[in-house]
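Data first, discussion second: the structure below is written as structure tokens.
Each value in this text was obtained by applying a stated rule to the coordinates, not by laboratory testing. If you're wondering where the values come from, they're calculated on a predicted model, not measured in any experiment. Cβ atoms come from the backbone with ideal geometry, glycine included; neighbour counts cover every protein chain shown.
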């Protein structure tokens with residue numbers, strides 16, 4: 001009997017086992033035995049649940065035996081209690097009663113198919129779909145952030161500009177002077193926030209400028225203090241300062257991302273240390289990217305006393321969308337974005353952590369020079385500027401009035417225009433009477449660059465400054481190539497606008513060399 005059953009089973013590609021009413025193996029086929037790296041004879045006479053203990057499955061077997069009704073499972077998860085290192089596998093399986101002529105159940109026929117690869121592929125596909133949906137949501141958020149930031153920048157331009165104008169009209173010791181200074185400071189901080197929103201919306205490349213490292217860390221700490229819980233003690237340490245070529249907003253954002261993660265790791269309170277120093281490497285390779293990192297680096301170190309990071313997560317924490325936080329508590333993009341910012345600056349990111357002992361994150365950025373070796377800056381006196389006739393073009397009435405007032409306070413004559421069509425009409429009537437045009441970039445019907453192109457057709461030597469609430473760093477080189485002489489980012493202060501006017505003024509005053 002057993003030999004007949006065994007011969008029949010060998011032709012079945014799925015794993016098959018025949019069990020008696022006590023769940024002892026009568027026979028198994030080759031596929032069943034090979035799945036456990038055994039021979040078919042190994043199983044004969046042994047109890048199924050002695051080899052594979054599982055209370056839930058045992059209840060199912062007993063039910064089939066009692067009711068004589070087949071049972072089917074699809075992609076059922078199974079963990080090997082005696083061998084947890086084997087992990088979780090998934091099975092399609094069926095359990096059929098074997099009945100004699102009198103309809104008495106004399107055994108069970110178990111068929112199995114390992115579908116772990118299929119399940120894992122489906123889980124991977126589902127994860128990819130989730131990431132795609134998350135990316136699409138972030139894209140929509142980015143577009144929304146860009147629109148909000150642009151409109152908000154126009155409002156900030158009015159606040160910042162009028163606060164500057166009011167301060168200039170008051171004597172320095174006037175009691176309101178300090179209040180206006182606080183308004184200007186708050187507006188400038190809001191401007192920095194919208195700049196980061198626009199950077200997120202536009203996915204910009206770093207716009208690097210010479211920057212003091214310790215000042216970056218101080219600005220980060222200043223922002224951080226307003227958001228940290230009171231039970232977290234923040235300590236800021238400066239060792240050696242340095243000069244970086246860096247995008248200030250991006251480095252601050254990268255550092256804030258790490259500090260916020262550190263704060264999340266200390267829900268019951270703790271200590272957060274942020275320090276700035278200089279580190280030197282000779283022939284050492286980066287432990288993360290394995291690339292050589294010789295020379296001097298600015299070292300920004302963030303250390304917390306939180307719960308730490310499990311070892312199995314350390315290699316994955318900079319992956320996009322990987323997060324161990326609860327749903328709604330994190331996107332899994334913070335450290336990924338930080339890593340991208342550091343790499344784009346030619347730097348390295350090191351993360352060390354032990355569960356229960358906190359985490360240390362080190363940002364290493366290529367250093368231009370130590371602060372002590374920076375040469376003194378020589379200030380050249382700026383000659384007095386003559387009165388200019390300026391055509392000011394902006395579709396926001398408040399911004400238009402403020403810009404004109406700023407220029408008039410500096411001694412210039414202004415002609416306002418509320419849109420591109422009106423500006424072209426004024427310019428065409430007397431093109432050589434305007435020394436300068438201040439153009440808003442985003443306007444209905446015609447944008448600033450289109451207006452400028454039409455003005456050049458009328459008078460090729462027209463001088464123009466472009467203003468925008470959008471961050472145009474990536475397009476700036478192309479804009480300047482079209483003949484625009486300077487760019488001011490909204491919201492601009494009185495000093496920034498006057499600096500742009502002075503820049504254009506001296507370009508206008510230069511005479512071409514005959515040599």
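Per-structure values
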| item | result |
| --- | --- |
| Neighbour-count order for 238, 412, fewest beta carbons within 10 angstrom listed first | 238, 412 |
| Rounded Å value of the spacing that divides the Cα centres of the stretch 39-66 and the stretch 400-462 | 87 Å |
| Hydrodynamic radius by Kirkwood, which averages 1/r over all alpha carbon pairs of the stretch 389-509, in angstrom | 14.0 Å |
| Ascending count of other beta-carbon atoms within 10 Å, so fewest first, for 259, 214 | 214, 259 |
| Peptides ranked, highest mean first, by Cβ atoms within 10 Å: ranges 490-501, 417-428, 247-258 | 247-258, 490-501, 417-428 |
| Relative contact order, percent, the stretch 2-114 [alpha-carbon distance under 8 Å, six or more residues apart] | 25 percent |
| Average silhouette area of the stretch 2-114, convex hull of alpha-carbon atoms, in square nanometres | 6.9 nm² |
| Segment residue 122-residue 177, extension gain: residue separation times 0.36 nm, minus the distance between their alpha carbons | 13.3 nm |
| Neighbour-count order for 404, 276, 298, fewest beta carbons within 10 angstrom listed first | 404, 276, 298 |
| Rg followed by Dmax, in Å, when the stretch 84-134 is reduced to its Cα trace | 18.7, 60 |
| Alpha-carbon gyration tensor eigenvalues x 5, square-rooted, for the stretch 219-275, Å | 22, 13, 9 |
